[in-house]
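The values are calculated or read from the model by the stated rules, or taken from the named source; none is laboratory data. Small disclaimer: the values here were computed from a predicted structure and weren't measured. Ideal geometry is used to build each Cβ from the backbone, glycine not excepted, and the neighbour counts take in all protein chains shown. What goes into the accessible areas is simple: the full protein's heavy atoms, side chains included, and nothing from ligands, DNA or RNA. Shrake-Rupley method; radii C 1.70, N 1.55, O 1.52, S 1.80 Å.
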Amino acid sequence: MSTRTWAEPYKIKAVELIKMTTPEQRETAIREAGYNTFLLRSEDVYIDLLTDSGVGAMSDRQWAGLMAGDEAYAGSRNFYHLQSTVERYYSYKYTVPTHQGRGAEHILSKILISDGDFIPGNMYFTTTRLHQELAGGTFVDVIINEAHDPLSEHPFKGNVDIEKLDALVAEVGADRIPYICVATCVNMAGGQPLSLANLREVRAWCDRNDALLVHDMTRVAENAHFIQKREEGYRDKLIQDIVYEICSLTDVATMSAKKDAMVNIGGFLAMNDAALYEKACGLVVVYEGLHTYGGMAGRDMEALAIGITESVDDDHIHARVGQVEYLGEQLEKAGIPIVKPIGGHAVFLDARRILPHIPQEQFPAQALAAALYVESGIRSMERGVVSAGRDKVSGENILPRLELVRLTIPRRVYTQAHMDVTADSVIRVMENAELIRGLRFVYEPEVLRFFQATFEPVPRASNG
Ligand SMILES: *Cc1c(COP(=O)(O)O)cnc(C)c1O
């Protein structure tokens with residue numbers, strides 16, 4: 001409808017009250033949580049920007065969909081509704097419901113990866129890479145170099161570098177590469193899109209090298225928004241048509257429905273190949289549930305089918321990304337170093353530049369997220385060395401170039417005033433940045449350590 005403003009194309013029908021806390025209460029809470037925002041109780045959080053996963057607000061239509069749940073063990077009508085919705089909007093013929101995105105990654109990795117295989121991708125995602133490794137594969141990052149540079153303003157930082165793909169073939173041989181996993185609006189790069197022109201090149205590369213093109217479609221609608229805004233020839237195309245075109249170029253998709261599709265839980269694996277579908281049906285019964293419900297209740301499949309329809313609406317996606325940009329622009333005006341261009345689902349603070357006195361081995365982004373919580377009760381997430389984990393071979397910390405704090409905006413949940421409070425809080429933390437100390441591990445889990453690790457501040461003396 002309107003292109004002048006990002007104002008929300010909805011109004012509020014029900015509200016959830018949130019608790020206000022004192023700085024003393026927050027100091028205690030973060031200490032008890034081991035300086036890990038994942039371990040805070042949600043009750044102690046004022047504005048929760050930890051993630052956009054499963055925390056969106058469902059519409060009245062989605063809530064009504066819950067009442068239309070058909071909880072039959074087999075052949076629920078909600079499954080068929082979901083399957084036809086996936087085919088209509090995302091082009092994939094077969095849908096295997098899973099409890100969430102990682103359920104789909106698990107099944108797909110088990111089917112397609114053999115010991116010693118290499119799986120290129122446009123930057124890693126935590127659970128995706130782990131499932132590839134557990135299946136015997138090695139992840140290889142083939143995103144363009146600009147994606148690792150928080151200062152680069154490349155419009156499509158999610159693009160794949162075809163030369164890196166060719167170099168991998170030269171090194172290991174095409175027969176060791178069963179597929180490439182391409183994510184739309186790359187989470188770990190800062191919510192950065194890829195272009196359709198690039199995706200077409202990747203498609204051609206896959207055809208040349210006899211590899212499948214797997215689409216991590218968790219944020220495909222947000223990617224479509226950026227294509228409409230930035231790519232030659234797409235200005236007048238509808239979001240839903242761009243989404244369809246993206247999906248049509250790929251063979252298989254894994255979906256975390258907790259993001260774009262605005263449900264609290266759910267996901268699926270989708271594909272066009274009947275033989276692959278048959279294999280997936282064989283595994284889904286082992287790990288998730290029967291192939292017509294996977295890990296989901298009938299009512300959840302219904303809410304998801306409705307959420308997909310709402311997620312590809314132009315007004316919806318413009319408001320969604322518009323709110324993220326609004327927060328990013330407030331921070332930029334105040335001189336806060338953030339990743340540019342502003343991403344689709346989150347604003348990423350550059351912890352290296354905010355806390356130059358903390359070495360990366362002392363987890364500056366983790367320390368910054370903890371400090372922001374103490375300042376105002378805003379919960380954010382580390383996306384840096386803690387998330388990157390340790391090298392499989394050497395056991396050393398992987399030191400990624402991006403050491404970021406993610407302020408992730410849930411869909412349809414917070415208001416413009418909440419964004420203003422968030423910007424003010426980050427500015428106050430930045431003003432007192434030199435008081436923030438680095439952290440060291442108290443407890444370090446073996447896998448996906450960022451979820452459950454605990455830390456303590458490094459004593460001042462050893463901080464230099
Ligand atoms: C969230 C996410 C996943 C995993 O999905 P879950 O539903 O959390 O299991 C995979 N890939 C990307 C890009 C994600 O953001």
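Of the residues in region 214-223, at least one is buried (at least 24 other Cβ atoms within 10 Å of the Cβ) and basic (Lys, Arg). When LEU355, LEU399, LEU372, LEU327 are checked against the criterion of being open to solvent by less than 50 Å² (accessible area, probe 1.4 Å) and within 20 Å of ALA189 (Cβ to Cβ), LEU327 stands alone in meeting it.
Residues that are aromatic (Phe, Trp, Tyr) and open to solvent by 10 Å² or more (accessible area, probe 1.4 Å) were ranked within region 224-274; the one that is nearest to the ligand (Cβ to nearest atom) is TYR244. Do we have any residue at all in region 95-111 that's part of a loop (DSSP other than H, G, I, E, B), within 26 Å of VAL285 (Cβ to Cβ) and open to solvent by 10 Å² or more (accessible area, probe 1.4 Å)? Yes, that holds for at least one residue.
Within the span defined as region 63-73, every residue fails to be within 29 Å of THR250 (Cβ to Cβ) and open to solvent by 50 Å² or more (accessible area, probe 1.4 Å).
Restricting GLU146, GLU201, GLU163 to residues that are open to solvent by 40 Å² or more (accessible area, probe 1.4 Å), under 24 Å from ASP350 (Cβ atoms) and assigned to a helix (DSSP H, G or I) narrows the list to GLU146. Of the candidates LEU238, LEU194, LEU213, the single residue that is in contact with a Cys (Cβ under 6 Å, 6 or more places away or on another chain) and modelled with pLDDT of 95 or more is LEU213.
Selection within region 284-293: residues that are open to solvent by 10 Å² or more (accessible area, probe 1.4 Å) and within 16 Å of the ligand (Cβ to nearest atom). The member of this set that is farthest from SER109 (Cα to Cα) is GLU288.
Name, by its number, the condition in (1) outside any helix (DSSP H, G or I); (2) under 29 Å from GLY294 (Cα atoms); (3) not small (Gly, Ala, Ser) that does not hold for THR21. Single failed check for THR21: (2).
Looking only at region 417-443, which residues are part of a loop (DSSP other than H, G, I, E, B) and loosely packed, with under 14 Cβ neighbours inside 10 Å?
Filtering region 417-443 down to residues part of a loop (DSSP other than H, G, I, E, B) leaves 432, 436-438.
Matches in region 417-443: ASN432 only.
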